[in-house]
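S.K.: Starting off with a structure, shown below.
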Amino acid sequence: MKNPVFVIHGVANRDLDGFTAAVTALQAATGVDMLPVYWGDLGAEDRFITAALPTRDTAPRPAGGPGSVLRDEAPSAAPSYLFADQPYLADQLEIVDTALRNELESDPGPLRGAPGAGGPTPDDIMACLATEWPDTRWLSRTGDPALLAETGRALAQTLLDTDTLANDAYGYDGLRGAPAGEPGRLRALVRRRLQDFDRIAGAAIGAVAGRVNDAVRTRFGPGTTRFLGDVLVYQRHRDAIHARVRARIDEVDPRLGRSPERPVRVVAHSLGGVIAVDMATAQEPLWTEQLVTFGSQSAFFHVCDPRGGQLLPYSGQTPVQLPASLGRWTNLWEPLDMLAFAASQVFRLDDGSSPADRPVPHAATTGLWTHSAYWDLPDVATAIAEAMADLPADTD
């Protein structure tokens with residue numbers, strides 16, 4: 001009869017009963033005898049993780065009063081229109097300039113007037129805009145051409161609106177009558193309108209970003225931060241966690257995993273897969289004939305920071321040779337799982353073949369945080385059953 005498959009959980013698992021129930025359900029789905037290997041009590045202290053997560057309520061508001069998106073610094077000296085030291089500003093203003101001129105030319109408004117009428121020209125407007133643009137908080141930081149073009153068109157429409165300008169302290173009448181040597185009124189009008197547009201852009205960007213940020217932190221934040229916490233603890237206490245795995249195997253048979261004649265079979269999720277690969281490739285390895293990982297990171301960790309043991313660093317040219325102590329490896333990943341990585345480009349098995357990277361379809365019912373969804377996916381159970389069935393049974 002085949003020895004049981006040992007199942008090693010991943011990060012943020014602090015519920016022994018829940019993990020045991022998940023393994024029992026997976027055993028029923030696969031028809032493979034399984035034993036849970038629990039190490040969660042050795043993981044990171046995660047009760048107070050939320051205290052370190054920023055929220056919109058605790059984030060300081062920008063300077064300038066409630067809801068303000070304007071910077072607190074004093075206006076800078078008038079920069080060169082070309083912004084030689086900040087070329088991205090010139091690129092932004094080129095888009096604004098084109099949209100503004102096109103809008104002015106498409107409307108026979110009062111600023112166009114007859115030649116010599118004394119109104120500001122598009123060049124006058126852009127000179128003022130170039131002076132004020134670096135002091136915007138949001139517009140000067142956007143790379144969205146559509147937003148920049150709309151700003152140019154909106155500014156042109158403001159300057160073409162005679163009703164609005166007639167009621168403005170710095171309105172059209174003042175602009176037409178202002179001597180050429182006194183551009184202050186035009187600059188004041190451009191500044192006020194640009195600040196209005198900047199506030200609107202900031203409110204829209206802030207609202208969208210805030211909702212996205214809240215959603216990311218609410219749905220992904222706890223899982224991601226607990227993942228990082230357990231990774232940090234594993235790096236420091238690897239020996240203790242490996243000893244826990246070894247002790248669980250010894251409860252079944254102390255000979256298991258000690259030699260190529262008595263290898264083990266392992267299924268592992270997330271960081272559990274890293275644990276399994278680290279143990280199978282250690283100088284004194286856990287001999288593993290079949291490994292199935294899902295949502296795991298061994299390849300990612302190894303290319304970032306070589307794992308040691310019998311593994312050479314990844315050169316970027318050829319895959320890293322795995323020792324004979326890791327016989328076969330099926331690596332499952334879900335398309336939306338941000339914590340799942342491929343193994344076949346980084347590693348080669350001892351027989352020259354690659355680990356079998358196998359995607360599992362995304363199930364709409366799992367939502368966006370899919371890292372913990374593998375346990376209930378039928379395709380995962382099928383892959384495990386196929387991998388474990390493709391081995392001869394023990395006669396001992």
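S.K.: Is there any pair linking a residue in the stretch 308-337 that is within 20 Å of Thr293 (Cα to Cα) to one that is in a loop (DSSP other than H, G, I, E, B) and of a type in the set (Phe, Trp, Tyr), with Cβ under 6 Å and at least six apart or on different chains, and which?
M.R.: Every condition considered, the pairs that remain are Val320/Tyr314; Ser325/Trp287.
Quick grid of which residues meet (1) within 27 Å of the chain's Cα centre (by Cα); (2) under 23 Å from Val5 (Cα atoms); (3) modelled with pLDDT of 95 or more; (4) hydrophobic (A, V, I, L, M, F, W, C):
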position	(1), (2), (3), (4)
Pro335	yes, no, no, no
Ala340	yes, yes, no, yes
Ala343	yes, yes, yes, yes
Ser354	no, yes, yes, no
Asp357	yes, yes, yes, no
Val380	yes, yes, yes, yes
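S.K.: Among (1) at pLDDT below 95; (2) within 17 Å of Gly308 (Cα to Cα), where does Leu228 come up short?
M.R.: Leu228 satisfies all of (1) at pLDDT below 95; (2) within 17 Å of Gly308 (Cα to Cα) except (2).
S.K.: Here's something else I'd like to know. With the stretch 287-396 as the region, which strands (runs of 3 or more DSSP E) entirely inside it contain at least 2 residues that are touching a Gly at 6+ places or on another chain (Cβ under 9 Å) and within 25 Å of Pro263 (Cβ to Cβ)?
M.R.: It comes to 288-294, 326-333.
Results for (1) closer than 22 Å to Ala324 by Cα; (2) modelled with pLDDT under 95; (3) assigned to a helix (DSSP H, G or I), shown as yes or no for each residue.
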position: Gln235; (1), (2), (3): no, yes, yes
position: Ala243; (1), (2), (3): yes, no, yes
position: Arg246; (1), (2), (3): yes, no, yes
position: Pro254; (1), (2), (3): yes, no, no
position: Arg258; (1), (2), (3): yes, no, no
position: Ala268; (1), (2), (3): yes, no, no
position: Val274; (1), (2), (3): yes, no, yes
position: Val277; (1), (2), (3): yes, no, yes
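S.K.: Out of (1) of a type in the set (S, T, N, Q); (2) part of a loop (DSSP other than H, G, I, E, B); (3) under 28 Å from Asp376 (Cβ atoms), the odd one out for Gln283 is which?
M.R.: Condition (3) is where Gln283 drops out.
S.K.: Within the group Val233, Val267, Val274, which residue is farther than 15 Å from Val37 by Cβ, out of contact with any Pro (no Cβ under 6 Å at 6 or more places or on another chain) and β-branched (Val, Ile, Thr)?
M.R.: Val233
S.K.: Here's something else I'd like to know. Here is a check on your reading of the model: is Ala324 small (Gly, Ala, Ser) and in contact with a Ser or Thr (Cβ under 6 Å, 6 or more places away or on another chain)?
M.R.: no
S.K.: Quick check on my filter: what residues within the stretch 338-363 are without any contact (Cβ under 8 Å) to a residue 24 or more places away in the chain and of a type in the set (D, E, K, R)?
M.R.: Selection gives Asp351 alone.
The values are calculated or read from the model by the stated rules, or taken from the named source; none is laboratory data. If you're wondering where the values come from, they're calculated on a predicted model, not measured in any experiment. Note that we place each Cβ from the backbone using ideal geometry, even for glycine, and neighbour counts take in every protein chain shown.
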